[in-house]
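Shown next, in structure tokens, is the structure this report addresses.
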Amino acid sequence: MPPENFQVNFEFNGAPLTMESECDVPGILFSCVGRTSVLNCAAFTFWSLNAEQSTKVEFHEILSQFRTLGGVAENFTMRHGTHGKGLFSVNPRLPIQLHVPTPLLIDPHWIELDRTDNIRIAPKYQSLLSAKAIVFFEEYHAFFGWGNGGFDSVKQHQQDWQALPPKLKNFLHILGAADELSQVPTAKYCLQKYCIARQIGFKSGSRLMPVAELINHAPDGLPFVLADGVKVTGMAKDEVLTRYHSHLDAFHFFVNYHFVTPANSALSCEVTVEVPSMGSLKIARMDHLADVHGSVRTPKISKTGTHTNLSFVEIANLKDPSQPRATFANLIKTQDVPLSMAHALFDGIIEHNQQVLNELIQVCHRHPSAMASKLEKVASFQLATIG
């Protein structure tokens, strides 16, 4: 058992929070100090159609080019639905078939903005693609993506985030969106965010996947299959939906994709815990730094003086409820921390996150806006996952 006077101090960036909580283990008090901030949530629309531009290249024309270049596009069309622009089944009794072949998967580093801020393949990379593929890619993004509301949507979202009051911004700092608050939404930066929301991990890097990127997310959606490119095949009664990532939590979905959705996983907010005999335990939200064994993602652990750093801590997983606690306890045991103390720490981290999320919701109520309303939903989804 932990010592009688065992105390754990949670820190986020320094300024004290007015929160204290006792856990079920006798003698353990969790004193939370730090500052938090509310996410500004706005439903993200990939683009908004401009009537004048949309008549220049129709979607069926883009699909015709796509098929000529080796793509497969069967039994779906594009229209507006509850998730914004998306792909929809034409005949629900037949499967949809979509295949973006490898030659049409574009490395984001190959693109740049021209003098009018339109997407183009950079001259030094044009030799990697056929002339027809370049025309297809640039027209696709001009009429159905970046040039047809995509840039404006990302820029507006960034501006809305940066217009948040300080109390709401503080939550973003510890929930994985600090970068968004510090960046001026230039065309170049917005292009980076645009690509992040549309790329998929492929082989040793990331690739943009035209047409397939139009499919919206659902936790129980069809899978992306990486085979000679990217494939999506299956039945869809109405809108075609795919599941983007199984390990992202509700805040990561919002930061990366700008939409609000429930998730099967929940990660801890950024926090520092002072642990007797161990020193400081610093938890980040960098879940891309992980050792992956099957479906289990173990955070990276490192030491900096008396600080022990964890790249992230998963605190809930609806698919495998016992896995987050076991992963954390096994990792903390390697630092000569008793198993009972490891479990007490995990309980405290969960309780602390619940308090932070509930306070975030309260701050949203005190600073009402469309963005705050979205963020309240994100926090509610995260609480529901934690349970």
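Table for the structure above
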item: Entries in LYS155/LYS188; LYS155/LYS193; LYS124/LYS203; LYS188/LYS374 that, when Cα-Cα distance is taken, lie over 19 Å; result: LYS124/LYS203; LYS188/LYS374
item: 5 angstrom amide H check on THR308, placed H, neighbours 5+ away; result: SER280, LEU281, LYS282
item: Nearest-ten-degree value, helix 187-196 long axis tilted from longest Cα axis of the chain; result: 80
item: Pairs of Cα atoms farther than 15 Å apart, segment 269-310, %; result: 46
item: Vicinal HN-Hα couplings computed from phi for segment 332-348 (Karplus, 6.51 cos²θ - 1.76 cosθ + 1.60; Hz; Gly/Pro x); result: 5, 4, 5, 9, 6, 9, x, 4, 5, 6, 4, 5, 5, 4, 4, 4, x
item: Extension reserve of the TYR189-HIS307 stretch, reckoned as 0.36 nm per residue once the Cα distance is removed; result: 39.2 nm
item: Segment 79-114 versus segment 145-187: alpha-carbon centroid distance in Å; result: 25
item: Amide H contacts of GLY81 (H built 1.01 Å from N, under 5 Å, at least 5 apart or other chain); result: GLY86
item: LEU339-VAL57 pseudo-label distance in nm [points 7 Å out on the Cα-to-Cβ vector]; result: 6.1
item: Spin-label pair LYS319/LEU94, simplified geometry with 7 Å Cα→Cβ offset, distance in nm; result: 3.2
item: Length-normalised contact order of segment 235-276 in % [C-alpha pairs under 8 Å, at least 6 apart]; result: 33
item: FRET efficiency estimate (nearest 0.05) - Cβ-Cβ, GLU274 to ILE196, R0 25 angstrom; result: 0.15
item: Backbone N within segment 72-89 under 16 Å of label point (7 Å from ALA163 Cα along the Cβ vector); result: none
item: Separation of the ALA326 and ASP117 label points, Cα + 7 Å toward Cβ, nm; result: 5.1
item: For the chain: relative contact order, % (alpha-carbon pairs under 8 angstrom, 6 or more apart); result: 20
item: Under the Karplus curve 6.51 cos²θ - 1.76 cosθ + 1.60, θ = phi - 60°, whole-Hz ³J(HN,Hα) for segment 136-147, x wherever Gly or Pro sits; result: 4, 4, 5, 5, 4, 6, 5, 9, 9, x, 3, x
item: Whole-percent carbon and sulfur share, accessible surface of the chain, 1.4 Å; result: 52
item: Coil-residue trypsin sites (Lys or Arg not before Pro) of segment 308-340, DSSP, other Cβ within 10 Å capped at 15; result: LYS319
item: Sequence-distant lysines (8 or more away, or on other chains) whose Cα lies within less than 17 Å of LYS333; result: LYS282, LYS300, LYS303
item: Bins of 20 Å from zero: percent of alpha-carbon pairs in the chain; result: 26, 52, 20, 1
item: Surface accessible to a 1.4 Å probe, per residue, for the residues of the chain, Å²; result: 45
item: Built amide H within the under 5 Å cut-off of ASN216, gap 5+; result: LEU87, THR242
item: Phi-based couplings in Hz for segment 81-90 (Karplus 6.51, -1.76, 1.60; Gly and Pro marked x); result: x, 5, 9, x, 5, x, 9, 10, 5, 7
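The values are calculated or read from the model by the stated rules, or taken from the named source; none is laboratory data. All of these numbers come straight from a predicted model, not from anything done at the bench. As a convention, Cβ positions derive from the backbone with ideal geometry for all residues, glycine included, and neighbour counts pool all protein chains shown. The area values use the complete protein model at the heavy-atom level, side chains included, leaving out ligands, DNA and RNA. Shrake-Rupley method; radii C 1.70, N 1.55, O 1.52, S 1.80 Å.
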